[in-house]
Amino acid sequence: MGMIAIVNGRLCDPAAEALSEGIVLVHGDRIEAVGQADFPEAAEIVDARGMLVAPGIIDLGVFKTDKPAFHFSGITRAALMPDQSPVLDDPGLVQHAARAGKPDFWVHPLGAATRGLDGAELAEMALMKAAGARAIATGRRWIADSGVMLRVLRYAASLNLVVVTHAEDGGLANGAVATDGETASRLGLPSAPACAEAIAITRDIALAREAGARIHFRFVTTAAGFALIRAAKAEGLAVTCGVSPSYLFLNDAAVSDFRTFARLSPPLRDERDRLAAIEAVADGTVDVLCSGHDPRGPEDKRLPFADAEPGIAGAETLLPLSLNLVRDKRVSETRMMALLAANPAKLLGLDAGQLTPGAPADLILIDPDVPWIVDSNKMAAAAGNTPFDKLPVQGRARMIMKGGVIR
């Protein structure tokens, strides 16, 4: 099989403390060498022209497979939430979902924790794992019955699967579309207190401790929630969390004028919680940056705010907004790629997300400085429901390689 040598790039290894100089040599579908290495004259040369050479992004928790949007942002693998139609609660459905996207990108389904995601009867996790499920998820819902949640955690632990959970107490958040506060009151929106998140996290950490299970909170969005995650990690529990750039760069004022593109689940928080989220990324409390990609058309979004479906088309803005954290000196480039690639791979048990010899040749070239403007009417995604419409940003993927093939 032929060789490809990526030269003149800045190597962005998630395991390193800083960028380095060198080449990446690809042989077949694997990385052959990284750094200073010789390569045959017959090798195909890819001139990176000073761009970042990084592992492909692994987006943990998308709601739709969306090849054009994924390629635009450098996403080579996506973990698909079970909130599909039908719900991914059956091994046949999981197997079918796992085949979608190949060879251009890989889909890693998350099996539903309960039948129909209704929070009552456990789904057959062992069969779903055999069919390709990389984790178990509660979807956009919180399992209210603590007994059911404990059984979910114990079953998943016996299979060495992480449980990806939604952190909102359903008794408080049911029917709410905003966070209690000035904005919700002024607009007259059904709202719930931000403590709904901390209550859910407290219970689920206690149950994970009891079960000896690994648990990942897909989105943590409040200062109180991050404090609980820090304490659990300090205790040595297998607790991790993620956040989307929406909660880092928007607060609840974004829903003013009833802007349904800013209708999210969980809802946007106040400015204090937004700043706490940025600090949690900077201090290492947050393990994963993810898009929550959920493109929705007019039939779901051009409705009264309380009736609109939650979700944004987040894939295309994931990389440039993450680069904002680098420019603001909150994280380094290599730490950013740990959040976007290495850590999601580790959580899902994937042989991916690394820039090391022997790793899969899933690579992207990132131009961190190229300017562009987010435009909901021109997005590559299946729909343009972004709250960042008309925002000037910098940075995008210029080349994407999957399995040693430039796509």
Check: Which of 190, 74, 264 sits farthest toward the positive end of the charge dipole of region 57-348, with +1 on the Cβ of Lys and Arg and -1 on the Cβ of Asp and Glu?
Finding: 74
Item checked: Residues 158, 246, 73, 191, sorted so that the one with the fewest Cβ neighbours within 10 Å comes first -> 158, 191, 246, 73
Notebook entry, point to check: Taking amide H positions as placed 1.01 Å from N in the peptide plane, with prolines and chain starts having none, which residues 5 or more places from residue 31, or on another chain, fall under 5 Å of its amide H?
Noted result: 358, 359, 361
Note to self: In whole Å, what are the extents of region 187-230 along the principal axes defined by its C-alpha atoms, from largest to smallest?
What the structure shows: 43, 17, 14
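Could you work out Rg/(2.2 N^0.38 Å) for region 255-342, with Rg from alpha carbons only?
Numbers: Rg = 14.7 Å, N = 88, 2.2 N^0.38 = 12.1 Å.
In units of the globular-protein estimate, region 255-342 measures up at 1.22.
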Checklist line | Order of 146, 85, 291 under a 10 Å beta carbon neighbour criterion, fewest first | finding: 85, 146, 291
Margin query: Using amide H atoms built in the peptide plane, which far-off residues or other-chain residues are under 5 Å from residue 23 H to H?
Written below: 35, 36, 37
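Against the 2.2 N^0.38 Å scaling, with N counting residues, where does the chain land? I'd like the Cα-based Rg ratio to two decimal places. Please report the intermediate quantities before stating the final value.
Values: Rg = 20.5 Å, N = 407, 2.2 N^0.38 = 21.6 Å.
Dividing the Cα radius of gyration by 2.2 N^0.38 Å gives 0.95.
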Checklist line | region 152-260: radius of gyration over Cα atoms, expressed as a fraction of 2.2 N^0.38 Å | finding: 1.18
Check: Per q in 0.13, 0.17, 0.22, 0.24 1/Å, what log10 I(q)/I(0) does a Debye calculation on the alpha-carbon atoms of region 209-307 return?
Finding: -0.51, -0.78, -1.09, -1.21
Notebook entry, point to check: Non-local amide H neighbours of residue 46 (under 5 Å, H modeled in plane, Pro and chain starts lacking H): which ones?
Noted result: 5, 6, 7
Margin query: Explain nothing, just compute: Karplus ³J(HN,Hα) = 6.51 cos²θ - 1.76 cosθ + 1.60, θ = phi - 60°, for every residue of region 55-67 in order, whole Hz, x for Gly and Pro.
Written below: x, x, 6, 10, 8, 8, x, 8, 9, 8, 7, 8, 3
Item checked: Spherically averaged projected area in nm², based on the convex hull that wraps the Cα atoms of region 294-365 -> 7.2 nm²
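In deg cm²/dmol, rounded to 500, what helix-only [θ] at 222 nm does the chain give when every DSSP H run of at least 4 residues adds -39500 (n - 2.57) and the total is split over its residues?
-8500 deg cm²/dmol
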Next item on the list: Quick one: what are the phi-derived ³J(HN,Hα) couplings along region 37-51, Karplus 6.51/-1.76/1.60 with θ = phi - 60°, whole Hz, x for glycine and proline?
Entry: 7, 8, 9, x, 4, 6, 5, 6, 9, 10, 8, 6, 6, x, 6
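By count of other Cβ within 10 Å, fewest leading, how are 406, 366, 4 ordered?
Numbers: 406 13, 366 27, 4 21.
Ascending Cβ contact count within 10 Å gives the list 406, 4, 366.
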Next item on the list: Just report the Cα centroid separation between region 48-109 and region 279-338, whole Å.
Entry: 16 Å
Check: Counting pairs of alpha carbon atoms under 8 Å apart in space and at least six apart in sequence, what relative contact order in percent does region 1-146 give?
Finding: 17 percent
Notebook entry, point to check: Cβ under 12 Å from residue 65's Cβ, residue 65 left aside: what net charge do those residues give with Lys, Arg +1 and Asp, Glu -1?
Noted result: +1
Item checked: Listed residue (95, 110, 11) projecting farthest to the positive dipole end of the chain, Cβ model -> 95
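Please get the size of the charge dipole for the chain, origin at its Cα centre, with Cβ charges of +1 on Lys and Arg and -1 on Asp and Glu, quoted in debye to the nearest 20.
Details: 41 positive and 49 negative charges, 42 e Å.
Dipole about the Cα centre, nearest 20: 200 debye.
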Checklist line | For region 392-407, Karplus couplings with θ = phi - 60° (6.51, -1.76, 1.60), whole Hz, Gly/Pro x | finding: x, 9, 9, x, 6, 7, 9, 8, 10, 10, 10, x, x, 10, 6, 9
Note to self: Using the crude model of +1 on Lys and Arg Cβ and -1 on Asp and Glu Cβ, and no other charge, please compute the dipole size for region 360-407 relative to its Cα centre, in debye to 20.
What the structure shows: 140 debye
Checklist line | Relative contact order, percent, region 57-348 [alpha-carbon distance under 8 Å, six or more residues apart] | finding: 17 percent
Next item on the list: Across region 57-348, how many lysine pairs, 8 or more positions apart or on different chains, have C-alpha atoms separated by under 28 Å? Please give the number.
Entry: 15
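No value in this document is a laboratory result; all are computed from the given coordinates. The structure displayed is predicted, hence computed values, not measured ones. Cβ: placed from backbone, ideal geometry, glycine included. Neighbour counts: every protein chain shown.
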